[in-house]
Amino acid sequence: MKKLLITGSSGFIGSYFINKYKKDYHIKTFSFRNNDINSLDCSEIDVVVHLSALVHQMGGATIDEYEKINVIQTLKLANKAKQSGIKHFIFMSTVKVYGEETSNCYKQDTLCNPVDEYGVSKLKVENELLKLQDENFKVSIIRTPIVYGYGVKANIKSLVSLVNKVPILPLGKIKNSRTMIYIGNLCFFIDEIIKQKKEGTFLVGDDESLSTTKLCEEIAKSLNKNVWLIKVPFFESLLKLLKPSFHKRLYKSLEVDNSETKKRLKVELPYNTADGIRYMIKGEK
């Protein structure tokens, strides 16, 4: 049975992975906030799964904060792992390394062009990690879009609350296309990368992309709510003027192509998007 060291174990992804796969691995956890990396004992660890990070902040974060947490801490851990003889390091990255919302679908080999400090920090540490890779130290980088599931916070949680409380929403006939990934699918990818000892960069996402209108419909269905989604003249223009960040997330597209990752791992996803949204509302039984 492989022994894993997981950072971010109390976070959204880490807690799901540990609960789901605790019978398949011996799991040790590490927190940069609560533990001293100089005292970290990496003996007998087979794989590091590095999930902790300073994620994209709506209120903004400084360049130095992203550098300290996403770059410097990650490289300290990776160097410690390599020096300790650990063979495999898995790093959770983001589609933000490619850029922002676009009408084009991001693919594995799309040129990276991050535009915010979060994406810049993630791409920087990706490049530094790959320099550490050799025949005795595999590096796996997972680029993920928005992750959703039971207990999710931020924008998805707000949208679920809105659909649950408001019977009429001005979100009808939106034609965008956005890829997300259900947390069960993401952790499935992590598990497969560990089991197959695969290195390299992996772009992940659910098989199906949704428009904002379709997402609201699926959420309403899982909530057993009747919600009328209507198209209101000038609402989009008003939102773009007053709340540009919300407009971007509701009306713009961000698609990713997971086909190369599925091909390399020789897998099909265990959950479709309708399953994922239902489990996000009700939890997995």
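The values are calculated or read from the model by the stated rules, or taken from the named source; none is laboratory data. What you see is a predicted model; the values in this text were computed from it and never measured. No Cβ is skipped: glycine too gets one built from the backbone with ideal geometry, and neighbour counts run over all protein chains shown.
Across segment 13-51, what is the total count of residues that are in contact with a helix residue (DSSP H, G or I) (Cβ under 7 Å, 6 or more places away or on another chain) and either assigned to a loop (DSSP other than H, G, I, E, B) or under 27 Å from residue 285 (Cβ atoms) (or both)?
Going through segment 13-51 one residue at a time, the tally reaches 11.
Which pairs do you get when a residue that is farther than 9 Å from residue 89 by Cα, found in segment 130-142, comes within reach of a residue that is of a type outside the set (A, V, I, L, M) and not in a loop (DSSP other than H, G, I, E, B), reach meaning Cβ atoms under 6 angstrom, with the pair 6+ apart or on two chains?
Taking only residues 6 or more apart or on different chains, the pairs are 132/82; 142/202.
Within segment 84-104, does at least one residue satisfy the condition of being within 30 Å of residue 230 (Cα to Cα) and in contact with a helix residue (DSSP H, G or I) (Cβ under 9 Å, 6 or more places away or on another chain)?
Scanning segment 84-104, I find at least one residue that is within 30 Å of residue 230 (Cα to Cα) and in contact with a helix residue (DSSP H, G or I) (Cβ under 9 Å, 6 or more places away or on another chain), so the answer is yes.
Can you pull out the residues in segment 143-161 that are part of a strand (DSSP E or B) and within 9 Å of residue 280 (Cβ to Cβ)?
Correct list: 148 only.
For the list (1) free of Cβ contacts under 8 Å to residues at least 40 places away in the same chain; (2) touching a Lys or Arg at 6+ places or on another chain (Cβ under 9 Å); (3) closer than 30 Å to residue 176 by Cα, I need the number of the one condition that residue 110 fails.
Among (1) free of Cβ contacts under 8 Å to residues at least 40 places away in the same chain; (2) touching a Lys or Arg at 6+ places or on another chain (Cβ under 9 Å); (3) closer than 30 Å to residue 176 by Cα, the lone unmet condition for residue 110 is (2).
Might you let me know whether segment 158-174 holds any residue that is under 14 Å from the mean Cα position of the chain (by Cα) and within 15 Å of residue 210 (Cβ to Cβ)?
There is no residue in segment 158-174 that is under 14 Å from the mean Cα position of the chain (by Cα) and within 15 Å of residue 210 (Cβ to Cβ).
With 69, 45, 90 as the choices, which residue is among the β-branched types (Val, Ile, Thr), over 18 Å from residue 115 (Cα atoms) and touching a residue at least 60 places away in the same chain (Cβ under 8 Å)?
Residue meeting the stated conditions: 90.
Could you pull out the residue among 95, 115, 152, 55 that is of a type outside the set (D, E, K, R) and at pLDDT 95 or above?
None of the other options fit; the residue is 95.
Just the residues that are without any contact (Cβ under 8 Å) to a residue 12 or more places away in the chain and closer than 30 Å to residue 50 by Cα, please, taken from segment 157-212.
Hits for segment 157-212 are 157, 158, 195.
For segment 163-261, list the helices (runs of 4 or more DSSP H) that sit wholly inside it and hold at least 2 residues that are under 30 Å from residue 141 (Cα atoms) and out of contact with any helix residue (DSSP H, G or I) (no Cβ under 7 Å at 6 or more places or on another chain); which are they?
Qualifying helices (runs of 4 or more DSSP H): 183-196, 244-251.
Just the residues that are surrounded by 15 or more Cβ atoms within 10 Å (Cβ to Cβ), part of a loop (DSSP other than H, G, I, E, B) and of a type in the set (S, T, N, Q), please, taken from segment 59-92.
Within segment 59-92, just 84 meets the criteria.
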